[in-house]
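Working notes for the structure below.
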Amino acid sequence: MLLIRLRVAKACVFGVHNQDNVSSWHFDGNMVSVFNTQVTGQKEWFLVSPDTPLHCYPFVNFAIMNGNDAKSLIHKRYAHFMLNEGDMLYIPPLWFHKVISKAPENISLNWIMTKKETTVCSKTLNRELEKYRLQEYLFKHRFAWVKRTSKMLM
């Protein structure tokens, strides 16, 4: 059984990007769901399932890629498509994504929501939970220098 409840939008982000603007591979932290609407222009999207996560630097949500996406995505569960003017895309929590702006002017709106509850668990979610457990442990440590280290991981 899958139980997911979404809260109302926490934020609405308005984005304007020039042609050939490229985001790095990342997933949106804090278990957020995102609805992306392409107002004008066109963007190329790559989405990778959290069941087959990409390699990351420790404690961050950015993937380590060697620049050859086609080779890195072999045997991964992913989607590759174009988002055109007027299209809307749902980005589930913990899905890695990379976006390339294709038109001279690209305007998009992102509605960002948090989960209220979930029974879903993935490798990426387990990694995020371990990160929070470690941060909490370090933050409660008796030595001040260890507490300062926990703040650097956030």
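When the residues of segment 32-57 are filtered to those that are touching a Ser or Thr at 6+ places or on another chain (Cβ under 7 Å) and in a strand (DSSP E or B), the one that is modelled with the lowest pLDDT is V32. For segment 95-122, filtering for residues that are more than 16 Å from L47 (Cα to Cα) and either at pLDDT below 65 or not in a strand (DSSP E or B) (or both) leaves 9.
Kindly check whether there is at least one residue in segment 63-82 that is part of a loop (DSSP other than H, G, I, E, B), modelled with pLDDT under 80 and touching a helix residue (DSSP H, G or I) at 6+ places or on another chain (Cβ under 7 Å). Yes, there is a match, as at least one residue in segment 63-82 is part of a loop (DSSP other than H, G, I, E, B), modelled with pLDDT under 80 and touching a helix residue (DSSP H, G or I) at 6+ places or on another chain (Cβ under 7 Å).
The values are calculated or read from the model by the stated rules, or taken from the named source; none is laboratory data. Please read all numbers here as calculations on a predicted model, not as lab measurements. A quick note on method: Cβ atoms are made from the backbone with ideal geometry, for glycine too, and the neighbour counts reach across all protein chains shown.
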